[in-house]
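These notes concern the structure reproduced below.
The values are calculated or read from the model by the stated rules, or taken from the named source; none is laboratory data. Predicted, not measured: the structure shown is a model, and the values here were computed from it. Reconstructed Cβ throughout: ideal geometry from the backbone, glycine too, with neighbour counts over all protein chains shown. Only protein heavy atoms, including side chains, enter the accessible area calculation; ligands, DNA and RNA are left aside. Shrake-Rupley method; radii C 1.70, N 1.55, O 1.52, S 1.80 Å.
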Amino acid sequence: MASGKLSPRQKMINLMYLVFIAMLALNMSKEVLSAFGLLEKKLDKATLATAERNASFMEGLAKKVTEQPKVYQPLLEKANQVNIASNELSSFIQTLKDDMMKTVKDPTDYEVQDKSDFLDQLFFKGDKYTKKGQEFLDKIDGYRTKMNQILGDSYPDISKAINENFSTSPVPNRDGKKIKWLKYQFEGFPLIASKTKLTQMQADLKTTQSELLSKMLAGEQASQLSMTKFQAIVVPTKTAFFSGENFKGKVVLGKFDNSLTFEKVLVNGKEISTIEGGQVMLDFPAGNVGEKDIKGELQFKEGDSIVKIPIESSYVVIPRPNSAVISADKMNVVYRGVVNPMTISIPGVPAVSATAPGLNSAGKPGKYNMNVTTIKGREVTIKVSGKLPTGETVSDSKTFRVKDIPRPTGTIRGEDGNGGCVRMQRQGLEISSVGAALPDFDFDLSLRVTGFSFKVPGQPTIKVSGSKLNSAAKAALRRAKRGETVQIFDINAKLASNSGYKLKRISPICIELTN
């Protein structure tokens, strides 16, 4: 255009036309680059939103596992496998994108991202692939293979989409010539265009994951809603029945539905026709004493077939009670000075009423506390009554012996001598505490010693307040000879929990001095 036999003016005009066309082409190229950048930004935003939905799905699925582990645990394991496979490839792609953006100063300036050098050098070495290029292909192939293994034949439409979106097979160009997939997709393309393609792959990963997880859950829920998943439940009006009574209860399904109807109901070989509000009402003789089985089946129509749900349950027939069962939790007697725990009940009666001097409720059904400290006699009678489910009243009573707390044994340094004398050094005796114990007593009581008498052979008896030797007793102890036996007697003690109760006389202690 600017050559040949043209005037200088015409040559200048032609040159200006060339510059003008170049400027138009340059502006169009910048617009295209910006369009790629905006598209990549939208894809990235959509990918993040899909990732958040997938995360919410996984949280919801984990919650369902806690509610119904047997149903949803296998589904969660498969979802985790999908999650791991998708995240692995997506993370690899994100690393590529991050490395690409390190080559530009401003990632949002799309008009300068027109070079193809980065991926050309990263992926290609002549007609062959670099180590990184081959790794990228292997990652895609590995993801496709892993997903096909997880899905099997369960989701053919998603498997087809995965095989198409993540295929690395050669691609024919417009001339029909097959080009290697990696070269066809990334060689010679502007940086922003390649980044957009990688973001699209991430979007495909998250979208595929989202569709698959949704279909997996929807399929499981549809399976759970199927009538074949229901279980017949026998709900009796009470857990045990008396001989001569009629069994009363109902058979319901695990998911109750007022509109539910049955084709036929068989219970213990007989057809039941009383059905109210989706419930099969049962009313038949309970039978003799012992455990009884309830067996049968519910029949209903689902589609063109009859579905049968087995009925399997049992109940116990017990004799009608004519006496109460009353037992002391600790022993067959009650003791003064302590709180005696009692358990009082009547078999077959849900709640009873019990009365006796010093008897009070412990706050729990059938549990009582009894304090007989102020009772002067040697016996106490507990009266019990209650109502059967039929409305009939039953009652009974039982008499318990009232005893005092046994005679305590004196101790020194926690030892009672076991019928003999405690052997110890005089220095140890000076600092030891005098105590009182109730060996082999069923109640764990704390006794507090308030005073005692101390006797050294050949010296006057010394009265001591408290539980340790005073200065006078220590002085007398120092004058005792080696091998002599000193005595501690007239021990006074009180119950820590009932200081007003008077204990029996406490047995004395003898101590043989070893030095």
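Highest mean first, what order results for 497-505, 441-449 on Cβ atoms within 10 Å?
Per-residue mean Cβ counts within 10 Å order the peptides as 441-449, 497-505.
Using a 1.4 angstrom probe and counting only protein chains, how large is the accessible area of Glu276 in Å², to 10?
That residue has around 110 Å² of solvent-accessible surface.
Whole number in Å², please: accessible area per residue of the stretch 437-488, 1.4 Å probe, ligands, DNA and RNA not counted. Provide the component values of the computation, followed by the final result.
Numbers: 2970 Å² over 52 residues.
Result: 57 Å² of accessible area for each residue.
I need the calculated FRET efficiency for the pair Arg505 and Ala351, taking r as the beta carbon distance and R₀ as 56 Å, to the nearest 0.05.
Result of the calculation: an efficiency of 0.80.
Any idea of Phe124's accessible area? Nearest 10 Å², probe 1.4 Å.
Rounded to the nearest 10, the figure is 20 Å².
Ranked from highest to lowest mean number of other Cβ atoms within 10 Å per residue, what is the order of the peptides 335-345, 354-364?
By packing density, highest mean first, the sequence is 335-345, 354-364.
By the scheme Lys and Arg +1, Asp and Glu -1, what is the net charge of all other residues having a beta-carbon under 12 Å from that of Leu89?
-1
How much accessible area does Ser210 have with a 1.4 Å probe, in Å² rounded to the nearest 10?
30
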